[in-house]
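The values are calculated or read from the model by the stated rules, or taken from the named source; none is laboratory data. These figures come from a predicted structure and were not determined experimentally. Positions of Cβ are generated from backbone atoms using ideal geometry, with glycine treated the same way; all protein chains shown enter the neighbour counts. The protein model used for the area step is the full one, side chains on, heavy atoms only, and it has no ligands, DNA or RNA in it. Shrake-Rupley method; radii C 1.70, N 1.55, O 1.52, S 1.80 Å.
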Amino acid sequence: MSGPPGARGRRTGLLLVLPALVPVVAVVGAALTSALLAALGLAPLVGEPRLTGAAFTAPADQLASAVPLSLAIAAAATAAAAAVGLALALAAVATARRSRLLGALSAATVPVPHLVGAAAMGLLLADAGFLPRLLGVAPEDWPALVGGRWWVAVVAEYAWKESAFVALVVGGVLASRSRSYGETAAVLGAGRWARFRTVTLPLAAPALGAASAISFVYVLGSYEVAALLGRAAPEPLPVLAVRLSTSIDLAARPQGAAVAVVTAGLALLAVVLALRALRRLAAWG
Amino acid sequence: MSGELRLTGLTRVHGRGRPPALDGLDLAVPAGSCVAVLGPSGSGKSTVLRLTAGLDEPTRGSVHLDGRDLAGVPPERRGVAMVFQRPLLFPHLSARDNVAYADRVRGAPRRRARARAAEFLDLVGLAGLGDRAPRELSSGQEQRVALARALAAEPRVLLLDEPFSALDAPLREEMHELLVDLRARLAPTVLLVTHDPAEAAALADTVAVLEAGRLQQHGPVAELHARPASLSVSRLLGGRTEVPGQVRAGVHHSPLGALALPGPVADGPGVLVVRPEAVALAAGHADVTGTVVRVRYRGLRPLVTVDAGGVAVHAELTPGDDVVAGAVVGLRLPVAARHVVPVRPG
């Protein structure tokens with residue numbers, strides 16, 4: 001005999017996602033467990049294992065500056081990516097019948113690796129880069145976009161790359177729904193701006209929220225762009241974690257693991273908050 | 001809430017080299033009346049509504065509402081509201097806020113808009129369901145909310161694009177009753193599009209038959225049934241018997257014999273059409289005699305096909321008229337129900 005349809009449906013659903021779930025849980029679980037063990041002194045490179053929180057307290061000063069910096073970079077890049085991505089998605093949906101060029105252009109950004117993007121952004125925005133030369137600005141007059149105080153190049157690279165991802169996700173949702181709901185709103189008396197505010201934006205919100213949450217967590221834990229285009233100090237969390245983990249001072253390595261655990265904890269918190277917010281939005285989606 | 005709509009020479013060509021979706025439609029919808037545009041799928045009937053609502057631009061022709069040309073007026077300023085085949089309730093708003101939508105976008109305070117929305121929900125029989133999200137409503141309730149939402153916009157013309165075709169038969173009946181009731185109370189001007197002749201007959205004062213983008217005939221539904229202008233109109237309205245022959249001196253001559261016609265008809269070739277429900281079993285004198293080749297049932301009514309001299313005559317008999325395939329029967333074709341459709345050249 002079979003169980004109730006709900007339970008059976010859930011079981012079938014679980015079985016279907018299992019092939020994807022097992023490797024993810026295995027890899028992430030193993031990595032997190034080993035990082036946690038190392039951070040707590042239970043897997044030392046030399047000496048006896050001993051439970052201690054020293055790896056978390058020793059880099060407290062660096063963590064105190066790295067956490068807000070990483071959160072700020074991730075928030076700024078995500079906000080910019082969400083705004084640009086939404087605009088791209090709207091433009092692509094509005095012109096979908098006339099031209100696919102816009103969609104193709106925005107999608108072309110997706111397969112470009114971040115490392116290549118970072119290098120390009122450096123060549124473009126550095127004080128001796130392509131942009132100041134094009135504009136005829138002397139290097140000493142050019143603001144410090146690369147390696148400067150405001151992490152402009154880092155945020156710009158992440159925003160550029162993630163906006164294409166946001167556009168792709170949001171565009172997919174809007175393409176199937178925005179026209180019919182938009183027309184419905186129009187015949188009910190809603191002008192262009194009212195339609196955007198009361199129909200398009202709420203329809204896009206679940207996809208925009210999900211894509212933004214993924215983008216935020218990605219930027220929070222991503223290393224290479226901040227390492228290439230950021231300044232030496234203060235360091236964002238991933239850069240700090242990598243530097244400590246590869247330090248020639250073996251005693252610092254558990255601290256690298258501790259920073260990685262803190263980063264993972266922050267990412268997890270962001271995911272939980274985003275999921276809670278999304279559940280409210282997705283209730284109607 | 002009711003305005004007079006006039007469509008003049010309305011034409012829409014979707015792409016170069018393609019036949020027009022709508023070709024020179026002239027149609028008047030008097031204030032407070034309900035006109036149904038009836039046609040098979042692809043006949044251009046939804047195009048009529050989209051052009052009227054301003055969702056598409058006409059290639060030629062004009063839309064006048066209360067004498068005002070609506071060319072270049074965007075949909076939101078036309079004073080029309082439309083209910084589509086799918087309810088398209090905004091998923092992020094409750095039923096009440098969906099109905100309050102038109103008032104809200106016009107700047108009415110939330111409290112007043114919601115109070116009015118509650119009235120309109122009451123009008124469509126959904127009082128007390130205002131707090132529900134669209135996904136918590138049945139398909140019939142969703143379409144009622146969509147109707148309430150359109151009415152709450154107080155349009156001068158209400159456009160209905162096959163709004164009940166996705167509902168099952170009992171729900172559709174219910175919605176027809178509701179619409180008849182709403183018409184009696186609010187007297188809105190309604191332009192309804194449907195592919196269902198029964199729906200057109202149930203709801204509309206007059207019916208405009210559209211085929212391949214061209215208006216075939218426009219008139220009261222009884223006239224369309226009794227005197228279809230063409231075979232396609234006759235077929236669309238459920239006419240099945242078609243007897244080719246010649247008209248001479250007011251009499252139609254065909255393999256069925258000489259059948260007198262009710263009114264003057266020009267001599268020449270013509271196809272005799274008779275509605276199946278007008279045909280009855282002959283108690284005494286029979287106009288036509290033939291062999292029953294098929295019997296089907298619609299509810300209790302037998303639908304009979306009789307082969308009379310190689311011509312198929314279709315009859316919808318009264319319950320209890322039990323005939324079996326193979327039986328020889330006499331049929332009466334009442335003179336008043338005989339109508340000849342001229343044969344079009346080509």
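Residue count for region A:237-276, restricted to those that are outside any helix (DSSP H, G or I) and either within 24 Å of A:Leu201 (Cβ to Cβ) or among the hydroxyl-bearing types (Ser, Thr, Tyr) (or both): 2.
Of all residues in region A:252-270, those satisfying the criterion of being open to solvent by 30 Å² or more (accessible area, probe 1.4 Å) and farther than 18 Å from A:Tyr218 by Cα are A:Arg253, A:Pro254, A:Gln255.
What tally of residues in region B:150-186 results from selecting those that are open to solvent by less than 10 Å² (accessible area, probe 1.4 Å) and more than 16 Å from the chain's Cα centre (by Cα)? Quick ask: steps written out before the conclusion?
Going through region B:150-186, the residues open to solvent by less than 10 Å² (accessible area, probe 1.4 Å) turn out to be B:150-153, B:155, B:157-160, B:163-164, B:175, B:179, B:182.
Checking which are more than 16 Å from the chain's Cα centre (by Cα) leaves us with B:150-153, B:155, B:157, B:182.
Residues meeting the conditions: 7.
Do the conditions hold for B:Val99, that is, is it surrounded by 15 or more Cβ atoms within 10 Å (Cβ to Cβ) and in contact with a Ser or Thr (Cβ under 8 Å, 6 or more places away or on another chain)? Show your work before the answer.
On the way: surrounded by 15 or more Cβ atoms within 10 Å (Cβ to Cβ): yes; in contact with a Ser or Thr (Cβ under 8 Å, 6 or more places away or on another chain): no.
No.
None of A:Leu266, A:Leu240 is at pLDDT 90 or above and closer than 16 Å to A:Ala55 by Cα except A:Leu240. Of all the criteria given as (1) closer than 22 Å to A:Val116 by Cβ; (2) free of Cβ contacts under 8 Å to residues at least 24 places away in the same chain; (3) of a type outside the set (D, E, K, R), the one not satisfied by A:Ala159 is (2). Can you find a residue that is of a type in the set (Gly, Ala, Ser), farther than 20 Å from A:Ala194 by Cβ and open to solvent by less than 30 Å² (accessible area, probe 1.4 Å) anywhere in region B:70-91? Within region B:70-91 (the criterion being of a type in the set (Gly, Ala, Ser), farther than 20 Å from A:Ala194 by Cβ and open to solvent by less than 30 Å² (accessible area, probe 1.4 Å)), the answer is no, since none of the residues qualifies. Residues that are open to solvent by 40 Å² or more (accessible area, probe 1.4 Å) and part of a helix (DSSP H, G or I): does region B:130-137 have at least one? Yes; the residues of region B:130-137 include at least one that is open to solvent by 40 Å² or more (accessible area, probe 1.4 Å) and part of a helix (DSSP H, G or I). None of A:Glu140, A:Glu157 is within 25 Å of the chain's Cα centre (by Cα) and farther than 27 Å from B:Leu51 by Cα except A:Glu157. Applying the criterion of being open to solvent by 10 Å² or more (accessible area, probe 1.4 Å) and at the interface with another protein chain (Cβ under 7 Å from one of its Cβ atoms) to the residues of region A:182-203, the residue that is nearest to B:Glu154 (Cα to Cα) is A:Gly189.
Of these, A:Arg231, A:Arg279, which one is assigned to a helix (DSSP H, G or I) and either away from every other protein chain (no Cβ under 13 Å) or open to solvent by 40 Å² or more (accessible area, probe 1.4 Å) (or both)? Outline the logic, then answer.
Numbers: A:Arg231 fails: assigned to a helix (DSSP H, G or I).
When all the criteria are applied, what remains is A:Arg279.
From the list A:Ala79, A:Ala66, A:Ala87, A:Ala43, the lone residue that is among the aliphatic types (A, V, I, L, M) and in a loop (DSSP other than H, G, I, E, B) is A:Ala43. Of all the residues in region A:81-111, those that are modelled with pLDDT of 90 or more and crowded, with 19+ Cβ neighbours inside 10 Å number 4.
Against the definition (crowded, with 21+ Cβ neighbours inside 10 Å, facing chain A (nearest Cβ under 10 Å) and out of contact with any Phe, Trp or Tyr (no Cβ under 8 Å at 6 or more places or on another chain)), how does B:Ser43 come out, yes or no? Taking the combined requirement at face value, the residue does not satisfy it. Within region A:160-177, the set of residues being buried (at least 23 other Cβ atoms within 10 Å of the Cβ) and within 14 Å of another protein chain (Cβ to nearest Cβ) comprises just one member, A:Leu174. Scanning region B:300-335 for residues that are open to solvent by less than 40 Å² (accessible area, probe 1.4 Å), under 27 Å from the mean Cα position of the chain (by Cα) and over 19 Å from B:Glu242 (Cβ atoms) turns up B:Pro302, B:Leu317. In this entry, B:Arg114 passes the filter for residues that are more than 22 Å from A:Glu183 (Cβ to Cβ), open to solvent by 10 Å² or more (accessible area, probe 1.4 Å), more than 10 Å from chain A (Cβ to nearest Cβ) and of a type in the set (Lys, Arg).
Among the residues of region A:43-57, is any at negative phi, touching a residue at least 12 places away in the same chain (Cβ under 8 Å) and among the polar types (S, T, N, Q)? The answer is yes, given that some residue of region A:43-57 is at negative phi, touching a residue at least 12 places away in the same chain (Cβ under 8 Å) and among the polar types (S, T, N, Q).
Would you be able to say whether some residue in region B:81-91 is touching a Ser or Thr at 6+ places or on another chain (Cβ under 8 Å), charged (D, E, K, R) and not in a helix (DSSP H, G or I)? Scanning region B:81-91, I find at least one residue that is touching a Ser or Thr at 6+ places or on another chain (Cβ under 8 Å), charged (D, E, K, R) and not in a helix (DSSP H, G or I), so the answer is yes.
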